[in-house]
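The values are calculated or read from the model by the stated rules, or taken from the named source; none is laboratory data. A quick note: this is a predicted structure, and the numbers were derived from the prediction, not measured. Neighbour counts are summed over all protein chains in view; Cβ atoms, including those assigned to glycine, are modelled from backbone coordinates with ideal geometry. Please note that ligands, DNA and RNA were not included when accessible areas were found on the heavy atoms of the full protein model with its side chains. Shrake-Rupley method; radii C 1.70, N 1.55, O 1.52, S 1.80 Å.
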Amino acid sequence: MRTVFYPGGCTLDFQQIIVATASVFLVLLLFGGFAIVSSKKPEFAGHPKGLYVLFFAEMWERFSYYGMRALLIFYLTQHWLFSDEKSSVIYGAYTALVYIAPVLGGYLADRYLGQRKAVAFGALLLTFGHFLMAFEGMSGITDPLVKQADPAINIFWLALSFIIVGSGFLKANISVIVGQLYPRTDIRRDGAYTIFYMGINVGAAVGTIIAGYLGQTYGWSYGFGAAGIGMLLGLVVFTIYRPLLLGNGESSNPERLNQPFMGIKFEWVLYLIGFIAVAVTWWLVQNQNLVGNGLGIFGIALVAYVLYIAMFQIPYGSFNASPKGPLFIFLAGAVLAIAGMLGNALGYNTINLAYAGGLAMLVIVFQQIFSHPNADRDRIVAAMFLIFGSILFWALFEQAGSSLNLFTDRYVDRAGVEASLFQSINPIYIILLGPIFAYLWIWLGKRGLEPSAPAKFGLGLLQLGLGFLVLVWGAEAVGMENATPVIFIFLIYLLHTTGELCLSPVGLSAMNRLAPAHMASLIMGTWFFASATGNFVAGQIAAATGSEAASGEGAAKETVLAVYQQIGLITIGVAVAVIVISPLIKKLMHLDTLEDAEPGDALLGQGEVGEPQAAGVHPDTRPRG
C-alpha cells in the first residue's frame, strides 16, 4: 500500500485519497444542486430546474446500481462461496433480467401509470432491494454447501429481484420525462441530455468508488448500505422536488387509475403487478438456465417475426400476396429454429435443428434481397445486422463486472486499491472522452470522412478485441508468476470505452433512422432484447474463465488469459469482416432516400453518450407535450 504523509503525522494511503476525492466531489455537487433547485429562478444555465431534479435522481440511482454491481461478483464468490463459474452465470442472468425488465415498466407507464409514478415506484423497489442486500446471514462459514443452505440466501435472491424490477420501472421512464420538459423542436434538447447523462456517469463513477471501498474494506453491509442510502436519497429528491417537473410525466388517463378493479383501486392493482413481477423474478434469478433458454426461444421468435414483416409484409403488402414458396420455407425454418431451442431447453439434443432452421431463414432473406428490391425491407435487414453485432459486443464488454473484476482482484498489482474501485474507470473515461468523440464525428462529417454506422460498429469491435489482447500481452510480458502491472487494466478499459463510444450511441441512432415509423418500438425492443442476450452470454463466457478445473501453480491465471486471447482474436476477425462488408450494409440502409416525417424526430439523447445501452425514446412512442 502506497502511503502519503502529511504534516502533523496524518497519513493517507492512495486508496483513501481516491475515496476522499470522490466524496468531496459528491458533497460539492450536492451543495451545488441544492442551490440550483432552491433558487427562485425558474431556470438555471438556460434549462428548467426540473432537469436538475432528474439529474440528481438518476445520479443517485446509478450510484446505487453500479456501486452494488461492482461488489456483486465478489459477494457471490467470497461471501456466498459460489464457484467462479456459478457466480458468473448468476451475474449474467441478473444483468440480463435488468435489461428485460423495462419492457414491463415502460408498458405500464405508457398505458396507465405515467412516467412520474412509475419512476417513484421503481425507486421505492430499488431502495428495498439495496437495503435487503445488507443482510448477510451466517458468518464464519467456510463450507459452501452449508453457507448456501443458509435461509438468508433467500433474502439475497429477493434483493436482486427488487433491484431488477425497480430498474425496469425507473430506467424505462426517467429519461422520457427529460424529453417532456421541452417542446418538440426545442434546440436545448441535446444539451439537456448531455447534462442528464453526465449525472448517469458521475453516479456510476462515484458510487463504484465509495460503495466498493466500504464493501471490500469494512464489510459487505457497509457497501450495500451505502448503495441503499444513495437510492433513498434519489427517491427523496424526486419526491420533494416533484413540483419542478411542471406536471410532466403524469398519467394520460388519471381517471382510469382511480376506478375500482375487482374491488381495488386500479392504480394499486398496477403496483401489485410490480410485486408479482418481483416474485417471478425471485424464481427466475435462481434458475439461470431458464433465463438463458427463455432468451433463446423468445429471441428467435422475435427475430423471425421482425424478418417476416420485413421480407413479406412490407414488400408485398399482405400474407396472401406473398410468394408461397419462399414464405413456406421461411416459416418452416422459424418453426424448426424455435422447436430446436425448445427441445434443447428440455434436455434433448436438438440444437442442430435450430441451426438448420436459422440457415433456412437466412437463405430466404438473401433470396428476397436480391430478387425483390425494397428500401424499407433492406433497412430492417441492416438494423438486424447491427443488432446481432451488438450481442457480441456486450457479451465481451460486460466481462468488466465479472471475470475482469476477478482477474483484477487476483492477478494485478493494484498498489493496495480494492479491485471494485477499478469499475469506476469506464464511466470516468466516458465523461472525459464522450465530448471528444461527439466533436470528432462532427469534424469528420464536415470533411466527408466520417465512417458509416456499420464501419463504426466494426471499429468498436476491433478496439474491444484489442483490449483483451493488450491485457494478455501485458500479463505474459512480465511472466505468469508475477502480478500484471495495473497500467494494462487502464489500457483494456480505455480500448473498451473507445469501442463503446463507437458503437453504443451510434447503434441507438441507427435503430431510429432505419426503423419504419410503424415498427419503431419493435426494432428498439429488439435492440434492447439483444442487450439482455449479450449480458447473459457475458456470464457464460465469464464462466469459461472459472479456475475450479485448473490444476497446477498459475493454471487459473493461464485459463483466464487463454479465454481472453481466444475471444480477442475472434472479435478482431469479426471486426475486420464487419468493416469489409460495411459498404454493403450501408447500401442496404438507403440513406440517400431517408426522409424526416417531422422536424425534431430524432431519438432523444441519441447524440449524447450515457452508459452502455442507454435508452432513448422514439418520436412515435413518446408522449406528446
Going through the range 469-509 one residue at a time, which ones are open to solvent by less than 10 Å² (accessible area, probe 1.4 Å), farther than 30 Å from Tyr193 by Cα and among the polar types (S, T, N, Q)?
Thr484
Among the residues that make up the range 68-87, is at least one of them within 26 Å of Gln115 (Cα to Cα), of a type outside the set (Lys, Arg), modelled with pLDDT of 90 or more and within 30 Å of the chain's Cα centre (by Cα)?
yes
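Residues checked against (1) of a type outside the set (S, T, N, Q); (2) part of a helix (DSSP H, G or I); (3) touching a Cys at 6+ places or on another chain (Cβ under 7 Å):
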position	(1), (2), (3)
Ile141	yes, no, no
Ser161	no, yes, no
Gly179	yes, yes, no
Tyr182	yes, no, no
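Looking for something farther than 27 Å from Leu295 by Cβ, modelled with pLDDT under 85 and assigned by the TED database to the domain that holds Trp441 - is there at least one such residue anywhere in the range 540-547? Walk me through how you get there before you give the answer.
First, pick out the residues of the range 540-547 that are farther than 27 Å from Leu295 by Cβ: none.
No.
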Take the conditions surrounded by fewer than 17 Cβ atoms within 10 Å (Cβ to Cβ), among the aliphatic types (A, V, I, L, M) and modelled with pLDDT of 75 or more and apply them to Ile581. Does it pass?
yes
Among the residues in the range 35-45, are any in contact (Cβ under 8 Å) with a residue 40 or more places away in the chain and touching a helix residue (DSSP H, G or I) at 6+ places or on another chain (Cβ under 6 Å)?
yes
Six or more apart or on different chains, Cβ under 8 Å: which pairs go from a residue in the range 75-97 that's open to solvent by 20 Å² or more (accessible area, probe 1.4 Å) to one that's of a type in the set (A, V, I, L, M, F, W, C) and not in a helix (DSSP H, G or I)? Could you list them?
Leu81/Ile141
Six or more apart or on different chains, Cβ atoms under 7 Å: show the pairs whose first residue is in the range 428-457 and within 26 Å of Ile492 (Cβ to Cβ) and whose second is open to solvent by 40 Å² or more (accessible area, probe 1.4 Å) and in a helix (DSSP H, G or I).
Tyr429/Leu494; Ile431/Met198; Pro451/Leu459; Pro454/Lys586; Ala455/Ile579
What's the number of the condition Ala510 fails, among (1) at pLDDT 80 or above; (2) closer than 14 Å to Val303 by Cα?
(2)
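Does Glu43 satisfy being in the same structural domain as Ser167 (by the TED database), within 20 Å of Ser424 (Cα to Cα) and modelled with pLDDT under 90? Break it down into steps so the answer makes sense when it comes.
Working: in the same structural domain as Ser167 (by the TED database): yes; within 20 Å of Ser424 (Cα to Cα): no; modelled with pLDDT under 90: yes.
Judged against the criteria, Glu43 is not a match.
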